[in-house]
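First the structure, in the form of structure tokens, and then the observations on it.
The values are calculated or read from the model by the stated rules, or taken from the named source; none is laboratory data. All values derive from a computational prediction rather than experimental measurement. Note: ideal-geometry Cβ built from the backbone for every residue, glycine included; neighbour counts use all protein chains shown. For accessibility, only protein heavy atoms count, side chains too; no ligands or nucleic acids. Shrake-Rupley method; radii C 1.70, N 1.55, O 1.52, S 1.80 Å.
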Amino acid sequence: MTPLLSVKDVRKTYGGRIGCTDVSFDLYPGEVMGIVGESGSGKSTLLNCMAGHLPPDGGQVLFDTRTRGMVDTLTMSEPERRMLSRTDWAFVHQHARDGLRMGVSAGGNVGERLMAVGARHYGQIREQAVDWLGRVEIDEDRMDDPPSAFSGGMQQRLQIARNLVTGPRLVFMDEPTGGLDVSVQARLLDLLRGLVREMGLSAIIVTHDLAVVRLLADRLMVMKSGHVVETGLTDQVLDDPQHAYTQLLVSSVLQV
Amino acid sequence: MIKIDNVSKSFTLHNQGAAVIPVMDGATFEVGAGECVALTGNSGAGKSTLMRMIYGNYLSASGHIWTGDTDVANAEPREIIALRRATLGYVSQFLRVVPRVPTLEVVAEPLLSVGVAKDVAFARARDLLSRLNIPETLWGLSPTTFSGGEQQRVNIARGFAHDYPAMLLDEPTASLDATNRETVLSLIEEAKTRGAAIIGIFHDAPARDRVADREINVSAFTPAKVA
């Protein structure tokens, strides 16, 4: 089986400081990988380098494209990369307002992404938007309201609908449940898990919440000071951590 | 079906002055199809540790743990995931589920993930839940709010939903009343009849005597005390 995404020696420095370095891994179709670590460990830098939001200083990010097979997305032409990020890739931001257009209606936010890949039939776009709003549990009668009139949890669900409407194969998520209260978090986790299973998505989830990765991720990567210190099956890393930092991280979680 | 070959394990506690605690050495045994082997030994002898190593939950320091064609001790995460999905079931003592998911779906999930049709999976889930005396009024609720015994039974129903060729059972009859204990024992017997290889930990001696074909004392694999 060929990997969907193959990351090789990705490195990013901020002046003399290391953002992340020596990061290599393969992600296979249908796999969900979690990246955990404390603030400043380089997990968001890595995610942004992979998703093409930040230019890394070295390394390769190979993606199994539909037409050309494995291609290094870092050396890809700008239009091609932009097309990729509208079709096969999706990026869910921690703050929904970074991923949404706040002045456009909820339905418009979902429809816009469809139009970006060529959909032009208003009725069909609206129909698909209604369908996706339903899947993320937003009532149809809120479809013409702007996201600024939504609660934080609803905005996050809308952002997910906007991202998944084009049927991406790879989703990058940056703290998707951060800043939401626990009941909304549970709802969102349930939703994400269902979508991942039904659509066969691959996903990379950056978070500092170990309970979230335990429920969502198959595999885990632990980062500290820009380096990957441990990788493995999620429950194995959490239940039998090998590295000193992972042991500290796991033993620091509050028990409810 | 399950073949454990010269497996060892130690824990390194980095936050306690890097203390290394050897817990297992030279564990070797086999379990054939249709056979049930009970792990015995005192508390702390390493029964659960060994079971978790077979499931890939704990990392083995050396040796091989074959379940079918997969060597869990040396496999990639995705190979272990595939093994757990189709071949190796595990009934732990604790139910761990996504909040908000109804009990019926929790039980049917292992079947859905191997591609069984929805109606078949839910029919099987309903059958197991009624056999284990979970009242039908609770099926639509998330098991997170259930009593300890009910959670344990939901966990068992989930563990037995798919006909895994190999199963690990960690105290499946703990905290169950006589009727439910009887149901669980017959589920184990049915699994043996269809050819499942089973490794179990049973503190309940009469239950162990009834379903287990052999016993393996884990203390035999405890390393000699150093210092």
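Taken over segment B:83-121, the residue count meeting the criterion of being more than 12 Å from chain A (Cβ to nearest Cβ) and either more than 28 Å from B:Gly68 (Cβ to Cβ) or of a type in the set (Lys, Arg) (or both) is 3. For segment B:146-155, the criterion of being within 14 Å of another protein chain (Cβ to nearest Cβ) and open to solvent by less than 70 Å² (accessible area, probe 1.4 Å) is satisfied by no residue at all.
Among the numbered conditions (1) surrounded by fewer than 21 Cβ atoms within 10 Å (Cβ to Cβ); (2) out of contact with any helix residue (DSSP H, G or I) (no Cβ under 9 Å at 6 or more places or on another chain); (3) at pLDDT 90 or above, the only one that B:Met51 does not meet is (1). When A:Gly153 is tested against the conditions (1) free of Cβ contacts under 8 Å to residues at least 12 places away in the same chain; (2) away from chain B (no Cβ under 13 Å); (3) open to solvent by less than 30 Å² (accessible area, probe 1.4 Å), the lone failure is (1). Looking only at residues of segment B:122-131 that are touching an Asp or Glu at 6+ places or on another chain (Cβ under 9 Å) and open to solvent by 30 Å² or more (accessible area, probe 1.4 Å), we find that the one that is nearest to the other protein chains (Cβ to nearest Cβ) is B:Phe122. Within segment B:36-49, the only residue that satisfies the criterion of being out of contact with any Phe, Trp or Tyr (no Cβ under 7 Å at 6 or more places or on another chain) and within 13 Å of chain A (Cβ to nearest Cβ) is B:Ser48. Among the residues of segment B:15-47, those identified as touching a Ser or Thr at 6+ places or on another chain (Cβ under 9 Å) and part of a helix (DSSP H, G or I) are B:Asn15, B:Lys47.
Among the helices (runs of 4 or more DSSP H) lying completely within segment B:87-206, list those that include at least 3 residues that are touching a strand residue (DSSP E or B) at 6+ places or on another chain (Cβ under 8 Å). Give the derivation first.
Numbers: elements: B:103-113, B:118-131, B:148-161, B:178-193.
By residue number, B:148-161, B:178-193.
When A:Gly194 is tested against (1) open to solvent by less than 40 Å² (accessible area, probe 1.4 Å); (2) in contact (Cβ under 8 Å) with a residue 12 or more places away in the chain; (3) at negative phi, just one condition goes unmet, and that condition is (2).
Starting from residues that are open to solvent by less than 20 Å² (accessible area, probe 1.4 Å) and at the interface with chain B (Cβ under 7 Å from one of its Cβ atoms), keep the ones in segment A:225-256 and report whichever is farthest from A:Phe25 (Cα to Cα). Filtering first and then ranking leaves A:Asp240.
The rows are residues; the columns are (1) touching a residue at least 12 places away in the same chain (Cβ under 8 Å); (2) crowded, with 21+ Cβ neighbours inside 10 Å; (3) within 14 Å of another protein chain (Cβ to nearest Cβ); (4) more than 23 Å from A:Val130 (Cβ to Cβ).
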site: A:Leu164; (1), (2), (3), (4): yes, yes, no, no
site: A:Glu175; (1), (2), (3), (4): yes, no, no, yes
site: A:Gly179; (1), (2), (3), (4): yes, no, no, yes
site: A:Arg187; (1), (2), (3), (4): yes, no, yes, no
site: A:Asp190; (1), (2), (3), (4): no, no, yes, no
site: A:Glu198; (1), (2), (3), (4): no, no, yes, no
site: A:Ile205; (1), (2), (3), (4): yes, yes, no, yes
site: A:Ala217; (1), (2), (3), (4): yes, yes, yes, yes
site: A:Met221; (1), (2), (3), (4): yes, yes, yes, yes
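For segment A:5-53, the tally of residues that are touching a Pro at 6+ places or on another chain (Cβ under 7 Å) and either open to solvent by less than 10 Å² (accessible area, probe 1.4 Å) or free of Cβ contacts under 8 Å to residues at least 40 places away in the same chain (or both) stands at 4.
Wholly within segment A:32-74, which strands (runs of 3 or more DSSP E) include no fewer than the required count, namely at least 1 residues that are closer than 29 Å to A:Ser252 by Cα?
On the way: elements: A:32-36, A:58-65, A:69-72.
The qualifying strands (runs of 3 or more DSSP E) are A:32-36.
From the set of residues in segment B:54-72 that are small (Gly, Ala, Ser) and crowded, with 22+ Cβ neighbours inside 10 Å, which is nearest to the other protein chains (Cβ to nearest Cβ)? Checked segment B:54-72; the qualifying residue nearest to the other protein chains (Cβ to nearest Cβ) is B:Gly56.
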